[in-house]
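Scroll down for the structure; my scribbles are underneath it.
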């Protein structure tokens, strides 16, 4: 029986060290840990998970620190569990081993998968609510223009004079040509060639 580990974090700012240490403490050797960094659990295209699933053989155990590191939805968790079951591989969630052939193990796994999906849905809902509140207070306004109002007025004035091309304006204001076009459109100015 070989233990293969899998760890994942959702953003590039997060660290996998704690998950790696937990996997090592559970008996997984460092060279048998596969990881995905900066990929969400709802994204099924995860190269580290694909490598871990390819590495496990009949009789092996796939070890993950927590179920939410493996999958964030019930259908995805079930699909992975079925894939492991077909290969004759058991799944360890932390120190607990899930046996896909045992009815109690299957029920417990499905309950955990439901809670992982529920947690994801709660996070999404809270994020939307927080953004709506910030937007209502005027604190969430989207990406700010690269040019100040004064710079935009000057850009429009220089464009109207006809002495400067769009490329010249982009170079003078140290912005891209599309930014110049957006600034002129925002001001309602006629764009000269």
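Return the single residue from 174, 77, 134 with maximal mean-square fluctuation; model: Gaussian network over the chain, springs between Cα atoms under 10 Å.
174
Given axes a ≥ b ≥ c from the Cα gyration tensor, I'd like to know whether the chain is rounded (a/c under 1.5), prolate (a/b larger than b/c) or oblate.
prolate
Tell me, in nm to one decimal, what length is gained between residue 129 and residue 21 on full extension, where the rule is 0.36 nm per residue of separation less the Cα-Cα distance?
Values: separation 108, 0.36 × 108 = 38.88 nm, distance 3.51 nm.
Stretched out fully, the residue 129 to residue 21 stretch lengthens by 35.4 nm.
Under 18 Å from a label point 7 Å along Cα→Cβ of residue 58: give me every residue in the stretch 79-100 with its amide N that close.
Counting only backbone N, you get 82-91, 100.
In terms of the Cα gyration tensor, with a ≥ b ≥ c the square roots of its eigenvalues, is the stretch 32-97 rounded because a/c is under 1.5, prolate because a/b exceeds b/c, or oblate?
rounded
Let me have the relative contact order for the stretch 82-193, percent, based on Cα pairs under 8 Å that are six or more residues apart.
15 percent
Among 163, 171, 3, which comes first, then next, by fewest other beta-carbon atoms within 10 Å?
So the ranking, lowest neighbour count to highest, is 163, 171, 3.
Rounded to the nearest 0.05, what FRET efficiency do residue 50 and residue 165 have when you use their Cβ-Cβ distance and R0 = 45 Å? Working shown, then result.
Details: r = 50 Å, r/R0 = 1.11.
For residue 50 and residue 165, the calculated efficiency is 0.35.
Please state the relative contact order of the chain as a whole percent: Cα pairs under 8 Å, 6+ residues apart?
Numbers: 255 pairs, mean separation 29.6, N = 193.
With pairs under 8 Å counted, the relative contact order is 15 percent.
At a threshold of 8 angstrom on Cα-Cα distance, excluding pairs fewer than six apart, so keeping six or more, what relative contact order does the stretch 1-79 reach in percent?
Dividing the mean separation by the residue count of the stretch 1-79 yields 42 percent.
Please order 108, 173 by the number of other Cβ within 10 Å, starting at the fewest.
108, 173
Quickly work out the residue 191-to-residue 151 label distance, labels modelled 7 Å from Cα along the C-beta direction, and quote it in nm with one decimal.
Going by the 7 Å Cα→Cβ label model, 1.9 nm.
Throughout, read-outs are computed from the coordinates displayed, never taken from laboratory work. Just so it is clear, the model here is predicted, and its values are computed rather than measured. Cβ atoms come from the backbone with ideal geometry, glycine included; neighbour counts cover every protein chain shown.
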